[in-house]
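This report concerns only the one structure given below.
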Amino acid sequence: MTEITSAAPVATTDAPPPPVTTEAPAPAAQAWAWPDDLKIAATAKGWDKLGDPAEALPHVARSYINAEKLLHTPAEKIVRLPDDPKAPGAFDKIYAALGRPETPDGYKLEKPADLPDDYPYDENLIKARLPVFHKLGLAPAAVQTLNEELHRANVEAMRNHEAEMAKRAQDGEATLRREWGPEYDTRTALADRAVSKYGGDEFRDWLKQYGFDADPTFRKMFAAIGRDTSEDGATPGGGAGAASAASEVDRLIADGDFQSRIKGKSGPEAQRQARAQWETAIQRKIAAGA
């Protein structure tokens, strides 16, 4: 008889399931538990967009440091803009802080350096404008700069005028030399004589200032007047005296030093003496018929 035996049961070793872990929830952002007035300030600065009030602390600290620096600034160095810029005197305190004097008379002007000796400096040219400068709130340094620039601009304008007059004189002389030919010196002398006789030095200076002394039309007119008013309506004739008189005029024309003096480059007194010398030479030439 066959014996039937049962196998021993097999032991099972199933591992227990892993423990279930749950992640801790992220900490909630801290609420902006600031007083309402500080919340308004934070919003104005944009700090409320940082999310965490702690992130705003560096910004708050910097603002505090800057404010502290400002508070240590002397009061006279702090300038406040006016609430109403259009109000009368709204900027007076600012202008005063920047150095504007109380009245226009408080500006002290100095003559600009390096002005040429022949420039007619006039302090009243800028003084007449001081009330306007004061109204504009200009500080003394600004007014002094304007004073210097105004006179330098006038010097430049004066030199440009002189250059223009010299060009007109050159062109006028060239025109008359072509038209009068050999009679140029004689007719020029007659014109100068008429100007001196009927206008004098003041009229002569006026003609020169405005360029009329070199204008061919004026020169022709005064040459005709000079000829008509000469003795017997004509210039008497010749001989050795005429040659000598003509030679003296030619010498003065060619004399560079004399030309410099008669143009006023050596001062008013030297110019006056040169003119007298020229008049004498011209009168001799006319009288001699040269």
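The values are calculated or read from the model by the stated rules, or taken from the named source; none is laboratory data. All of these numbers come straight from a predicted model, not from anything done at the bench. Cβ sites come from the backbone with ideal geometry, for glycine too, and all protein chains shown count toward neighbours.
Checked against (1) within 16 Å of the chain's Cα centre (by Cα); (2) at positive phi, R129 meets all criteria but (2).
Residues in the range 135-176 that are touching a Gly at 6+ places or on another chain (Cβ under 8 Å) and within 18 Å of Y95 (Cα to Cα): A139, P140, A141. Scanning the range 134-167 for residues that are closer than 30 Å to P216 by Cα and surrounded by fewer than 12 Cβ atoms within 10 Å (Cβ to Cβ) returns E156, A157, N160, E162, A163, E164.
Looking only at residues in the range 31-54 that are part of a loop (DSSP other than H, G, I, E, B) and at pLDDT 65 or above, which one is surrounded by the fewest Cβ atoms within 10 Å (Cβ to Cβ)? Across the range 31-54, the extreme among qualifying residues is P35.
The single residue among A234, A290, A242, A254 that is exposed (fewer than 14 other Cβ atoms within 10 Å of the Cβ) and modelled with pLDDT under 65 turns out to be A234.
Could you tell me whether the range 189-205 includes any residue that is of a type outside the set (D, E), farther than 25 Å from A270 by Cβ and surrounded by 14 or more Cβ atoms within 10 Å (Cβ to Cβ)? Yes: one or more hits. When the residues of the range 114-133 are filtered to those that are in contact (Cβ under 8 Å) with a residue 24 or more places away in the chain, closer than 26 Å to Q209 by Cα and among the aliphatic types (A, V, I, L, M), the one that is surrounded by the most Cβ atoms within 10 Å (Cβ to Cβ) is I126.
Can you run down the residue pairs with Cβ atoms below 7 Å, 6 or more apart or on separate chains, where the first is in the range 78-106 and without any contact (Cβ under 8 Å) to a residue 40 or more places away in the chain and polar (S, T, N, Q) and the partner is assigned to a loop (DSSP other than H, G, I, E, B) and exposed (fewer than 10 other Cβ atoms within 10 Å of the Cβ)? Note: no pairs meet the criteria. Does A166 satisfy being aliphatic (A, V, I, L, M), under 39 Å from the mean Cα position of the chain (by Cα) and modelled with pLDDT under 90? The answer is yes for A166.
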